[in-house]
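The values are calculated or read from the model by the stated rules, or taken from the named source; none is laboratory data. Small disclaimer: the values here were computed from a predicted structure and weren't measured. Every residue, glycine as well, gets a Cβ built from its backbone with ideal geometry; the counts of neighbours run over all protein chains shown.
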Amino acid sequence: MKTILIFVSTLDGKVTKWGEPHVSAWSSHQDQDYYKNVLKESGLIVMGSNTFNADTFKPSPNRQLIILTRHHDKYKSLEVAGQLEFTNESPLEISARFKNKCHKQMLVVGGPHIATSFLKEELIDELWLTIEPKIFGTGGNFATDVNLDINLRLLYFEKVNEQGTLITKYAVLKK
């Protein structure tokens, strides 16, 4: 099973604008359309509770949403078997649980804590990054405060609008 981390960032590496959690407030409509299409095509999606709460994710029989949270009991009433699950499992436990299931890929959708935890454990195979031609100076970083040393190889890129928004895909080079 391939594990893909997807996110959007500014040129200066910010994933939120000055602390505003809603990426749709500043990302291009081309990125938003791309993101929605990738989500629609993904059968297994893992995210943190902040990402879940910042967007409108609904249960669907076509996909399984796994929400990582320290407070999974708080969300138990929202769970739908096989569609929407809240858990405090680690990234290693999640990966092991779904490794031999029928999913071809697992999509990891930020935020920074989830992205960092999967990257630290070397569980990411590909990184799909939309780069928006913006600079915020302050805001949320892609990764939390941790030392990472990850090499990537460009697989694909496409300029999707006049401003220069780039959709890129990178392979994570395993050590």
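Things to note:
- For segment 123-170, a residue qualifies if it is closer than 23 Å to Ala25 by Cβ, part of a strand (DSSP E or B) and free of Cβ contacts under 8 Å to residues at least 60 places away in the same chain, and the qualifying residues are Lys159, Leu166, Thr168.
- All positions within segment 135-148 that are surrounded by fewer than 17 Cβ atoms within 10 Å (Cβ to Cβ), more than 20 Å from the chain's Cα centre (by Cα) and not aliphatic (A, V, I, L, M): Gly137, Thr138
- Some residue of segment 153-166 being more than 25 Å from Gly19 (Cβ to Cβ), out of contact with any Gly (no Cβ under 6 Å at 6 or more places or on another chain) and among the basic types (Lys, Arg): yes
- The single residue among Leu154, Leu84, Leu78 that is in contact with a Phe, Trp or Tyr (Cβ under 9 Å, 6 or more places away or on another chain), closer than 23 Å to Thr56 by Cα and surrounded by fewer than 16 Cβ atoms within 10 Å (Cβ to Cβ) turns out to be Leu78.
- When the strands (runs of 3 or more DSSP E) confined to segment 1-93 are screened for residues that are among the β-branched types (Val, Ile, Thr) and in contact with a Pro (Cβ under 8 Å, 6 or more places away or on another chain), none reaches at least 3 such residues.
- Selected residue (criterion: modelled with the lowest pLDDT) from residues of segment 104-122 that are surrounded by fewer than 18 Cβ atoms within 10 Å (Cβ to Cβ) and outside any helix (DSSP H, G or I): Lys104
- Given (1) surrounded by 17 or more Cβ atoms within 10 Å (Cβ to Cβ); (2) at positive phi, number of the condition Gly19 does not satisfy: (1)
- Which listed residue is surrounded by fewer than 19 Cβ atoms within 10 Å (Cβ to Cβ), within 19 Å of the chain's Cα centre (by Cα) and not aliphatic (A, V, I, L, M), from Arg63, Arg70: Arg70
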